[in-house]
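Okay, so here's the structure we're looking at.
The values are calculated or read from the model by the stated rules, or taken from the named source; none is laboratory data. A quick note: this is a predicted structure, and the numbers were derived from the prediction, not measured. Neighbour counts are summed over all protein chains in view; Cβ atoms, including those assigned to glycine, are modelled from backbone coordinates with ideal geometry. To get the accessible areas, we keep the full protein, side chains included, count just its heavy atoms, and leave off ligands, DNA and RNA. Shrake-Rupley method; radii C 1.70, N 1.55, O 1.52, S 1.80 Å.
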Amino acid sequence: MTETAARRDRRADRHAATKREILDAAWALARERGLAGWALRDVAEAVGMRAPSLYVYFDSKNAVYDAMFADGYAALLARSERAEADLGARGAPPLEVVRAVATLFFAFGVEDPARLQLLFLRTIPGFEPSEAAYALARQAFARMTGVLAAAGLAAPEHVDLWTALLTGLATQQVSNDPGGDRWRRLVDPAVDMFFAAHLPPRP
């Protein structure tokens, strides 16, 4: 590698590290104050940067939200891939995989209410994720529908009900019993009801 290329790589690494630091600060502020309760100058202050310098990395607050949206879905995908790989290695049957995915999604949602709101509830007026960020959401959706289809639950109404069921349980938990287990305890019974309503009776 030439000296010029090495300098360029170091600059790119520093730029990426600074963007990550800004993104982490934005998440911290969102968790402390709510998704809409902070401004770019607050993020700049949190990372020890002058506000105008922040625009080198993100040209608007919506650009920060977009990076957060992508970051959240990347985390969900990584967790889903690890869980599905483990279940596949154990030879878990499709219905067990569906149940495990339900538990995973619920846990992912309730552990970070700010992330839950940004990814699944469209609570930011005027924010629309970019194509690149939304592509990660599509990947997560495709993984979920693949798990359902493998269990014989491929119809559109199955997918719509499944997403409403899990998002509803997670939002009820964070809204009405934060830190508790009132709706967490209902995940397995809700999955049982879903199976009973949409799968053929077992012999």
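Quick one: in the stretch 192-203, which of the residues that are open to solvent by 40 Å² or more (accessible area, probe 1.4 Å) and not in a helix (DSSP H, G or I) is modelled with the highest pLDDT?
Restricting to residues being open to solvent by 40 Å² or more (accessible area, probe 1.4 Å) and not in a helix (DSSP H, G or I), the top hit is Pro200.
Have a look at Leu118, Leu104, Leu153 and point out the one that is surrounded by 13 or more Cβ atoms within 10 Å (Cβ to Cβ), modelled with pLDDT of 95 or more and not in a helix (DSSP H, G or I).
Sole residue among the options that is surrounded by 13 or more Cβ atoms within 10 Å (Cβ to Cβ), modelled with pLDDT of 95 or more and not in a helix (DSSP H, G or I): Leu153.
From Leu54, Leu95, which residue is closer than 30 Å to Met144 by Cα, aliphatic (A, V, I, L, M) and surrounded by 15 or more Cβ atoms within 10 Å (Cβ to Cβ)?
Leu95
Could you please find all residues in the stretch 136-150 being within 22 Å of Gln117 (Cβ to Cβ) and either surrounded by 13 or more Cβ atoms within 10 Å (Cβ to Cβ) or in contact with a Cys (Cβ under 6 Å, 6 or more places away or on another chain) (or both)?
The answer is Leu136, Ala137, Gln139, Ala140, Phe141, Arg143, Met144.
What number of residues within the stretch 168-187 are more than 21 Å from the chain's Cα centre (by Cα) and under 17 Å from Arg99 (Cβ atoms)?
Here the count works out to 2.
Among the residues of the stretch 30-48, which ones are open to solvent by 40 Å² or more (accessible area, probe 1.4 Å) and farther than 16 Å from Tyr65 by Cα?
Those that are open to solvent by 40 Å² or more (accessible area, probe 1.4 Å) and farther than 16 Å from Tyr65 by Cα: Glu45, Ala46, Gly48.
Among the residues that make up the stretch 69-83, is at least one of them farther than 21 Å from Asp188 by Cα, buried (at least 16 other Cβ atoms within 10 Å of the Cβ) and in contact with a Pro (Cβ under 6 Å, 6 or more places away or on another chain)?
yes
Could you grab me the full set of residues in the stretch 161-191 that are part of a loop (DSSP other than H, G, I, E, B), under 13 Å from Gly109 (Cα atoms) and open to solvent by 80 Å² or more (accessible area, probe 1.4 Å)?
If the condition is that a residue be part of a loop (DSSP other than H, G, I, E, B), under 13 Å from Gly109 (Cα atoms) and open to solvent by 80 Å² or more (accessible area, probe 1.4 Å), then Pro178, Gly179 are the ones that fit.
Restricting attention to the stretch 152-167, does a residue exist that is within 19 Å of Met193 (Cβ to Cβ), within 12 Å of the chain's Cα centre (by Cα) and of a type in the set (S, T, N, Q)?
So far as the stretch 152-167 goes, yes, one or more of its residues are within 19 Å of Met193 (Cβ to Cβ), within 12 Å of the chain's Cα centre (by Cα) and of a type in the set (S, T, N, Q).
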